[in-house]
Structures are given as C-alpha cells and as structure tokens.
1. To the nearest 20 debye, what charge dipole does the stretch B:47-148 have about its Cα centre, counting +1 at the Cβ of each Lys and Arg and -1 at the Cβ of each Asp and Glu?
2. Using r as the Cβ-Cβ distance of B:K60 and A:A14, and R0 as 45 Å, what FRET efficiency do you calculate, to the nearest 0.05?
3. Taking B:V19 in one copy and the same position in all the others, each labelled 7 Å out along Cα→Cβ, what are the pairwise distances from the first, in nm, shortest first?
4. Over all directions, average the projected area of the Cα convex hull of the stretch A:1-105 and note it in nm².
5. For each of A:E127, B:E67, A:E118, count neighbouring Cβ atoms within 10 Å of the residue's Cβ, then give the residues from fewest to most.
6. What net charge do the residues around B:P105 carry, taking every other residue with its C-beta under 13 Å from that of B:P105, with Lys and Arg at +1 and Asp and Glu at -1?
7. Just how large is the dipole of the stretch B:85-144 about the Cα centre, in debye to the nearest 20, putting +1 at every Lys and Arg Cβ and -1 at every Asp and Glu Cβ?
8. Quick one: divide the alpha-carbon radius of gyration of the stretch A:1-42 by 2.2 N^0.38 Å and tell me what you get.
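Taken together, the values in this text are just the output of simple stated rules run on the coordinates, not laboratory data. Fair warning: this is a prediction, and the values are worked out from it, not measured in the lab. Glycine gets a Cβ as well: all are built from the backbone with ideal geometry, and neighbour counts include every protein chain shown.
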2 protein chains.
Amino acid sequence: MNHRVQAFRELLAARGYRVTPQRVGIYEYLVTTDEHPSAEEIYRALQDRYPTMSPATVYKTLDLLVELGLVGELAFGGEVTRYDGQPDLHLNMVCLQCRRILDLPVEGLERVAQVAREKAGFQVLRERHEVYGICPSCQRVNRADPAADDQAHHEAEPSRPLEEHRPQEVG
Amino acid sequence: MNHRVQAFRELLAARGYRVTPQRVGIYEYLVTTDEHPSAEEIYRALQDRYPTMSPATVYKTLDLLVELGLVGELAFGGEVTRYDGQPDLHLNMVCLQCRRILDLPVEGLERVAQVAREKAGFQVLRERHEVYGICPSCQRVNRADPAADDQAHHEAEPSRPLEEHRPQEVG
DNA sequence: TTGCCTGCAAATAGTTTGCACACCT
DNA sequence: AGGTGTGCAAACTATTTGCAGGCAA
C-alpha cells in the first residue's frame, strides 16, 4: 500500500474520523492518478471495486479531503468541480480549448501565502493558483488548422470547449 | 461617466458586440464596487435601474465580461460563483468563516504567468490566485470567544459558514 | 431593416440532504 | 454497544437554454 494512503488512514484515526473502505479508496484513487477527476469520474472509476458506493458518499468524502487539506478543489463557473490529489504547491494550467488541466511547479509560489500572512495577517489554510489559456498541444493544432480556433478538435479531445461565445471577429 | 465604462463601450463596439444598457449597467456596477458580488446580487442591485432585466441576461453578460477578460470569475465548490471587477492582478484572500473575499496586491505575481509561458509554452489568457483561510477579523473574534470556531458569529456576518464538517476534535 | 440581445419560463444537472441501516471503533 | 458513515432517493438551486419580440446599429 502507498505510504500516503497509510498516512491518510492514520490522519483519519487521529482526527477521530472513521477509516472506511470508501474513504481510503477515493483517496487512493486521487493520489494515484495524474488526472484531475470530477466527482462523477471518481464514482465511475471506483464502480468495480466498490459497486455499492453512492455518489453522495463520493461528494461527502471529497468535502472531507478538501477540509483536511489533502486534495485541492478546482471549481470553475459552469464547469464540473474537479479535484487535485497532488498536495504539493503548484500552478494549474487550465486549457480553455481541450479542458485539460496541466500541473507546473513554480519556484517561489509559496511566497504568495507568506505575503498574505505577513502583510495582511491572513491565516492561510489552503491555496490555489491557476492560469487559463491555450495549452501547447492546442496551439499546435490551431496553427495547423486555423479554422480549428472556433470548433476545437484535437488528438485526445475530452469533449466540448469550455466556452462558447463569439458572435463575430474583430471588426 | 467612468472612463473604464467608456472604454468598455468602445471595446464592445470594436469587437462587434452591441452596447446595451444592461451590459453597461452590469459592467459599471462591477467596476464600481469593492465587493465580489454573485450574479444574483448584481441582479438585485440593478433592479431599481433596470426593473425588467432578467437573471438570464445577468448570467449571459457576466460570461461575456469574463471572456473579454474584463472581470475575474471566482467559483468555489458548493458556493455561488462571484465576480471580481478589479482587473489588476492581485491575490484573493477567501475567509472560510465569514465568506468575505479580500484583495491583496502581491509583488511579483505576474512572474507566475511568465513561468507558465516560458517553461511550459502555455498561452495565458486569464489567471487566478487565491488563498483560503481565516481573515484577521475572524481571528480576533475566535480568540475572544474560542467557542465561536464552530458556530461563526461576527461583526458583519454575511451568512452561514463556507464549510460545515467537524464531527469531533482531535483525539 | 437586420439580426443580435433581452426577457421569460422551463429545463438541466451537479450537489446536497434526510432517513434508516451498516459497520468501524 | 454506540454512534459515525453509507446508501438511496428526493430535493435543491444555481445556471443554462429555447423562443418570440425589442432594440442597437
């Protein structure tokens, strides 16, 4: 078993939470994957191992994990909330076209929370750093086929683009 | 009229969007306030000036403003999406207790997007930096009345706390 | 005059909640 | 044994969407 999963079991116990198979399973899935799955994706992914687990349990567990500071919560307007099992402080790069989320370690990122603490006296418990734009892969596709800017179609296309608007080009 | 509102009208026209009273009103409200209002708050706040304006229009306009990069979108899991009319790059400090959102300019914050561009080749269009925790005001209240940690009651309490969980204290 | 934008109302869907039973401790 | 956590289904509600008429250009 992953050492992080073991630490999770101990943390639950220490905090007075019960160590249930569902909680362990969800946590294990999150820290194992490099993806940023939604609640529903987690639910479906664990169907095999926990056939009786309900979506409600997934939501409740995710809330708990976020509160414990073990996973990051990535909510966007109009988008499904996604979860990030990597606890290290990093930048999330959200592609508005293919909807993928890429991680990038950024040196000195911890200085931001430090400023909040020292300059504003804010007690920081969690943080979140995101940039939105076009990932390198989509940039290549767009250059190859300029019409793709509007319709979006890529190698591994998760689904529809994050945003629709665009009545006409700059006049 | 605010010069930013004037610039907004011109931007709309240049992009081929129509300059409607609703759009201008919503934009003006957002850049005028220091708050981070939700769609519904904007809707209610503009009832007097635009009695016939519908919530749908507010949502559509907000989407447009975000797409144009004129306002920031602050979505949290389970929380209403809020909007930030201040276009300058800053840190949002979200208090988990009183739900207020405070702004803080942080020197060198623009370096983050720069790293994403240079190190990862990501084309940055928007960005978002947030820390979650306890604001100085709530910290004071909690010190004065330690029991307040659970129930949350403050000077100007917007409403219920952002998070509920907490079965029992650390054992 | 053209067709984008608004307003209305219904639909959508992610998430939450209440309750009874199960199982972790 | 005790009571937290789970599962189920219904409820909730923020947000989206379709359509007809209004108004910006």
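1. Charge dipole of the stretch B:47-148: 200 debye, to the nearest 20.
2. 0.40
3. Label-point distances to the other copies, shortest first: 6.6 nm.
4. Mean projected area for the stretch A:1-105: 7.1 nm², to one decimal.
5. Exposure proxy ranking, most exposed first: A:E118, B:E67, A:E127.
6. Once positives and negatives cancel, what remains is -3.
7. Around 300 debye, computed over the stretch B:85-144.
8. After normalising by residue count via 2.2 N^0.38 Å, the value is 1.19.
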